[in-house]
Amino acid sequence: MTPYTFDSARIIERREEAEGIYTFVMRFTDPAVRKAYRFAPGQFNMLYAFGVGEVPISIVSDPAEPTRLEHTIRIAGRVTGVMTQWKVGDTVGVRGPYGRGWPMDAARGHDVVIVTGGLGCAPVVGVINYIFRRREEYGTLQIVHGVKTPNDLLYRERFDAWRLHPRTTVYLTADRPDKSWRYRTGVVTELFDELRVSPSAIVMMCGPEVMMHYGVRALRDKGVSEDAMYLSMERHMQCAVGLCGHCQFGPQFVCKDGPVFPYPAVKRWLGVSGL
Ligand SMILES: Cc1cc2nc3c(=O)[nH]c(=O)nc-3n(C[C@H](O)[C@H](O)[C@H](O)COP(=O)(O)OP(=O)(O)OC[C@H]3O[C@@H](n4cnc5c(N)ncnc54)[C@H](O)[C@@H]3O)c2cc1C
Ligand code: FES
């Protein structure tokens, strides 16, 4: 058994979320693996397309049902391009779960603000679903999402469904809207003026680093402590277990020290060119 040993899983469901984006539900084929596997929101698996390669993909299903693993994959290049052709009944490789996830225990009893931008909101979908399934355990939920153009808004129906939940507000904005756009216009940080954030809120952010940089600044100005802000980082990965150095970010490895970091742990390195 090496750190690279994977287990086999079978695809049991496939859904198209938007053009080029698919959700796959999978189940480990070995009952012993199925029984032992546990994960937390924000963790990821290395998914393996046999003969093609392995990539890190967030787990978006509910940890209360660990035998049913859900991953949403967007075609980005070579490996994900092949993965999006997976069909129900196909066998794939899975190793994980890896990394540190979102601070769901620290957030319990608090208001939560989720800030996401660009195309990469998969890591927060799991946390939003997690809170909805345990709605009474958390305070208000504010979801702030910014895109460049309306075409970049994935999961439009999900955002519309999320805003119907009690004690939940969804803010959507596009930098360059078209006639079909019925939400706000402008960059995501402009939405912060509208947020009513309690100083004890917990903030979870995911998206382009420049957006997170300005998001932290705006929320700090609203009285949120830096210790209460958590950022999900993305880096190229190979081993996912802290051995190869591909995901190094300052003194830390995104695969094992992250991908979710408390802001003070990455503050010094965020936005440093070349990191
Ligand atoms: C912790 C973590 C969780 C992730 N979760 C998801 C998820 O839930 N769903 C999803 O669709 N994708 C997710 N990704 C991104 C996904 O791993 C990459 O899109 C994938 O590795 C691209 O592989 P490829 O061979 O298809 O593309 P390649 O041909 O290798 O690359 C295509 C383009 O994407 C860029 N790219 C590749 N990997 C990364 C990366 N890690 N960070 C930034 N840019 C990259 C390349 O520079 C290139 O421009 C996650 C990444 C990380 C690190
Ligand atoms: S991916 Fe190898 S050290 Fe993180």
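Read-outs throughout are calculated quantities, based only on the coordinates presented, and are distinct from any laboratory measurement. This structure is a prediction, so every number in the text was calculated from the model and none was measured. Ideal geometry is used to build each Cβ from the backbone, glycine not excepted, and the neighbour counts take in all protein chains shown.
Okay, here's what the table says:
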| read-out | value |
| --- | --- |
| Degrees separating the helix 122-133 axis from the principal Cα axis of the chain, which is the longest one | 80 degrees |
| Length-normalised contact order for segment 123-258 - Cα pairs under 8 Å, 6+ apart - percent | 17 percent |
| Fully extended contour minus Cα-Cα distance, from residue 179 to residue 152, at 0.36 nm per residue | 8.2 nm |
| Length released on extending from residue 275 to residue 106, taking residue separation times 0.36 nm less the Cα-Cα span | 58.0 nm |
| Binned Cα-Cα distance frequencies in segment 206-252 - 5 Å width, integer % | 5, 19, 21, 19, 15, 12, 7, 4 |
| Residues residue 133 and residue 30, FRET efficiency given R0 of 30 Å [Cβ-Cβ distance, rounded to 0.05] | 0.65 |
| Degrees between helix 209-221 axis and first principal axis of the chain (Cα, 0 to 90, nearest 10) | 40 degrees |
| Overall dimensions of segment 57-151 by Cα: Rg and Dmax, Å | 15.4, 43 |
| Relative exposure of 87, 35, 148, judged by other C-beta atoms within 10 Å (fewest first) | 87, 35, 148 |
| Between segment 226-268 and segment 31-77, the Cα center-to-center distance that results, in Å | 19 Å |
| Distance between modelled label sites at residue 210 and residue 169, nm, 7 Å Cα→Cβ extension | 2.7 nm |
| Summed side-chain charge close to residue 174 - residues other than residue 174 whose Cβ falls under 9 Å, Lys, Arg +1, Asp, Glu -1 | 0 |
| Residue exposure sequence - 244, 206 - by fewest surrounding Cβ within 10 Å | 244, 206 |
| Order of 141, 231, 195 under a 10 Å beta carbon neighbour criterion, fewest first | 195, 141, 231 |
| Per principal axis, descending, Cα span of segment 176-231 in whole Å | 40, 23, 14 |
| About the Cα centre, charge dipole magnitude for the chain (Lys/Arg +1, Asp/Glu -1 at Cβ), debye | 200 debye |
| Relative contact order of the chain, pairs being alpha-carbon contacts under 8 Å that are 6 or more residues apart, as % | 17 percent |
| Cα-Cα P(r), the chain, percent of pairs per 5 Å interval | 1, 6, 13, 17, 19, 17, 14, 9, 4, 1, 0, 0 |
| Cα point-scatterer Debye curve for segment 1-85, base-10 log of I(q)/I(0) at q = 0.13, 0.22, 0.25 Å⁻¹ | -0.40, -1.19, -1.47 |
| Fully extended contour minus Cα-Cα distance, from residue 10 to residue 268, at 0.36 nm per residue | 88.7 nm |
